[in-house]
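**Student:** Questions regarding the structure given below will be posed in turn.
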Amino acid sequence: LSKAASANNRDLVLQALDQLRQQEANNEIHHGNEQVHLHQTAIALANPLVAAVVDVQFFQVMNKAYPTEDEMASFLGTFRGLSGFLGLLIQVAGTPWLMATFGVGVAIAVQPLLMLLSTVGMLYSLNYGTAYAARFIDNTLFYTVQGSAFQLLYNPLPLDRRARIRAFVVGYFRPRMG
């Protein structure tokens, strides 16, 4: 993106956020049980740092457990296949139930909180089980529960700006976050 286009998109995002704050201050937006809390969003945005730590620790442990390339390739194929299948089940059955029952704010916080717990487990005892669990949680929940919940955050934005703001956030901020 050119600097002018980037600045224009950034201004659109800031204008939309200001408009949402004004509407919220005037009680024009009613979320009920789906009110998104700032601290939950902050937890979710810290996720790339935690995911990087988990990746490093995961491969450190797995390189010891699977020393040859063939063993590692076989393990990673099985691991990714299982996590992909479970991710599909979660996306189809778990994510809609979680959001309908507890709201978007809780859905956004599930993956980061489970990652935090698994990272604490890794700090306490870095072993095969804790590394596997942490990476498995990241693989299965990041693109299912958290991804779906983040997409719903765009719904209060004005329809004519929603696609541009989403494209800007996904294309500009996400790559810089990890």
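**Student:** Residues that are modelled with pLDDT under 60 and open to solvent by less than 80 Å² (accessible area, probe 1.4 Å), at least 1 per element: which helices (runs of 4 or more DSSP H) completely within region 1-118 meet that? Please lay out each step first, then the result.
**Tutor:** Numbers: elements: 3-25, 38-45, 47-65, 69-89, 95-102.
Where helices (runs of 4 or more DSSP H) fall fully within region 1-118 and carry at least 1 residues being modelled with pLDDT under 60 and open to solvent by less than 80 Å² (accessible area, probe 1.4 Å), they are 3-25, 38-45.
**Student:** If Tyr124 satisfies every condition in (1) of a type in the set (Ser, Thr, Tyr); (2) open to solvent by less than 40 Å² (accessible area, probe 1.4 Å); (3) more than 13 Å from Phe58 (Cβ to Cβ) but one, which is the exception?
**Tutor:** (2)
**Student:** Do the conditions hold for Phe142, that is, is it surrounded by 14 or more Cβ atoms within 10 Å (Cβ to Cβ), under 21 Å from Val54 (Cβ atoms) and out of contact with any Pro (no Cβ under 8 Å at 6 or more places or on another chain)?
**Tutor:** yes
The values are calculated or read from the model by the stated rules, or taken from the named source; none is laboratory data. Quantities reported herein were computed from a predicted structural model and do not represent experimental measurements. All Cβ positions, even for glycine, are placed from backbone atoms using ideal geometry, and neighbour counts span all protein chains on display. Only protein heavy atoms, including side chains, enter the accessible area calculation; ligands, DNA and RNA are left aside. Shrake-Rupley method; radii C 1.70, N 1.55, O 1.52, S 1.80 Å.
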